């Protein structure tokens, strides 16, 4: 009788991947990143083990939105004080913190569980085309 394979933490092999955010819409990029961070594309995927890869995203300031999301989409945050809800459009966020556009999209697509914070730590987003992880030699991944 065949047994179900369950990956152990000692068997995890992580790769470094490079994704250019200016090549496809944000939603499509975020789903691809979430798949790499969770490791669901690997045949050894185990739900309770965090076996995803490191993902480096470049050109976050050039992230592509379709339709009129550039002006209509709002990002909300709360200061923690009564009445402290703040909102910002995509244009405002792109000017100040372009990395947050990709981070918010990916966080929304990851499972809401104990592994989410560790997976987000493996996501590195950079506004421009240069990044700090050339020593890790990330493989370039095309998003269709």
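No value in this document is a laboratory result; all are computed from the given coordinates. Bear in mind that the values here come from a model prediction, so they are computed numbers and not experimental data. No Cβ is skipped: glycine too gets one built from the backbone with ideal geometry, and neighbour counts run over all protein chains shown.
Given the rule -39500 (n - 2.57) for each run of at least 4 DSSP H residues, summed and divided by the residues of the chain, what is its mean residue ellipticity at 222 nm, to the nearest 500 deg cm²/dmol?
Values: 5 runs with 41 residues, N = 144.
Per the formula, -7500 deg cm²/dmol.
Roughly what angle does helix 99-109 make with the longest principal axis of the chain, taking Cα atoms, 0 to 90 degrees, to the nearest 10?
50
With r as the distance between the Cβ atoms of residue 136 and residue 64 and R0 = 35 Å, compute the FRET efficiency 1/(1 + (r/R0)^6) and round to 0.05. Present the calculation step by step, with values, prior to reporting the outcome.
Values: r = 26 Å, r/R0 = 0.74.
Plugging the Cβ-Cβ distance into 1/(1 + (r/R0)^6) gives 0.85.
Roughly speaking, what is the stretch gain from residue 95 to residue 120, that is 0.36 nm per residue apart minus the C-alpha to C-alpha distance, in nm to one decimal?
On the way: separation 25, 0.36 × 25 = 9.00 nm, distance 2.24 nm.
Extra length available between residue 95 and residue 120 comes to 6.8 nm.
For the chain, take every pair of Cα atoms, bin their distances at 10 Å starting from 0, and report each bin as a whole percent.
For the chain, the pair-distance distribution reads 11, 37, 31, 15, 5, 1, 0.
Simple spin-label model, 7 Å along Cα-to-Cβ: residue 76 to residue 104 in nm?
1.1
Over all directions, what mean area does the Cα convex hull of the stretch 1-75 project, stated in square nanometres? Don't skip to the end; give the middle numbers.
Details: hull surface 28.5 nm².
Result: a mean projected hull area of 7.1 nm².
So, by mean Cβ neighbours within 10 angstrom, what's the order for 8-14, 115-121 with the highest one leading?
115-121, 8-14
Using only Cα atoms, find the angle between the long axis of helix 26-38 and the longest principal axis of the chain, and express it within 0 to 90 degrees, rounded to the nearest 10.
Result, in degrees: 30.
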